[in-house]
1. Please list the non-local residues whose amide H lies under 5 Å from the amide H of Ala142, H modeled 1.01 Å from N, same-chain partners needing a gap of 5 or more.
2. Residues with amide H under 5 Å of Thr117's amide H, sequence separation 5 or more or different chain, H placed in the peptide plane at 1.01 Å from N; which?
3. Give me the percent of the accessible area of the chain that comes from carbon and sulfur atoms, probe 1.4 Å, all protein chains in place.
4. Express in Å², to the nearest 10, the accessible area of Lys92 obtained by rolling a 1.4 Å probe over the protein heavy atoms while all chains stay in place.
5. Measuring with a 1.4 Å probe in the full set of protein chains, what accessible area per residue, in whole Å², belongs to the chain?
6. Taking P(r) over Cα pairs in 5 Å bins from 0, in percent straight from the coordinates, which label in (1) 1, 9, 19, 23, 22, 15, 7, 2, 1, 0, 0; (2) 1, 9, 16, 19, 19, 16, 11, 6, 2, 0; (3) 1, 8, 14, 16, 14, 12, 10, 7, 6, 5, 4, 2, 1, 0 is the correct one?
7. Heavy atoms only, probe 1.4 angstrom, no DNA, RNA or ligands counted: give me Arg159, Arg14 ranked by accessible area, highest first.
8. Where the only charges are on Cβ atoms (+1 Lys, Arg; -1 Asp, Glu), what is the dipole of the chain about its Cα centre, to the nearest 20 debye?
Amino acid sequence: MNFLELVKARHSVRGYEQRAVEQEKLDYILECVRLSPSAVNCQPWRFAVVTEPTRLAALKSVYAREWIQSAPCIIVACGNHAEAWHRKSDGKDHTDVDVSIAVEHLCLAAAEQGLGTCWVCNFDTVRCREIMDLPDELEPIALIPVGYPADQTVPEKKRKDLNDVLL
């Protein structure tokens, strides 16, 4: 599969088979995350892979959508604002940008491995922090459910035409 085919295949999956993701696949995905670029190579991220049933069930409670209950694994993407590069001209903090780059590497690597993912950003961050016992310097930025899609159909992507996104 070439890169364009991979990009076309990656989509938000909201239903997973009830089977575990192999450790080798998780290791591959996490190596792709580790190699992600970041501003000034600060790498202001930490990732937690949650598969243990009790913690996974608790983590699923921070997002009030039924479909997440089927996920056999959730990766919690966190950012450390103190470690991130801040643009000198206006102080812009690049934590969210850097974590987003790494998360999309995660999602593309998972798709390449035949796995589905979905960015979840609208969740109870306070409760997530408690469940994950995160230190104060780490902000939970996104939850990424990972697993084998229950529905193998790749939906048609509705995107703007190229001319509509170019200046």
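1. Distant-sequence amide H within range of Ala142: Ala77.
2. His11, Val13
3. Working: 5050 of 9660 Å².
The C+S portion of the solvent-accessible surface of the chain is 52 percent.
4. Rounded to the nearest 10, that gives 80 Å².
5. Details: 9660 Å² over 167 residues.
Per-residue accessible area for the chain comes out at 58 Å².
6. (2)
7. Numbers: Arg159 170, Arg14 140 Å².
From most exposed to least exposed: Arg159, Arg14.
8. On the way: 19 positive and 25 negative charges, 76 e Å.
Using Cβ point charges on Lys, Arg, Asp and Glu, the chain gives about 360 debye.
The values are calculated or read from the model by the stated rules, or taken from the named source; none is laboratory data. Small disclaimer: the values here were computed from a predicted structure and weren't measured. Note that we place each Cβ from the backbone using ideal geometry, even for glycine, and neighbour counts take in every protein chain shown. Side chains are part of the model used for accessible areas, which takes the heavy atoms of the whole protein and leaves out ligands, DNA and RNA. Shrake-Rupley method; radii C 1.70, N 1.55, O 1.52, S 1.80 Å.
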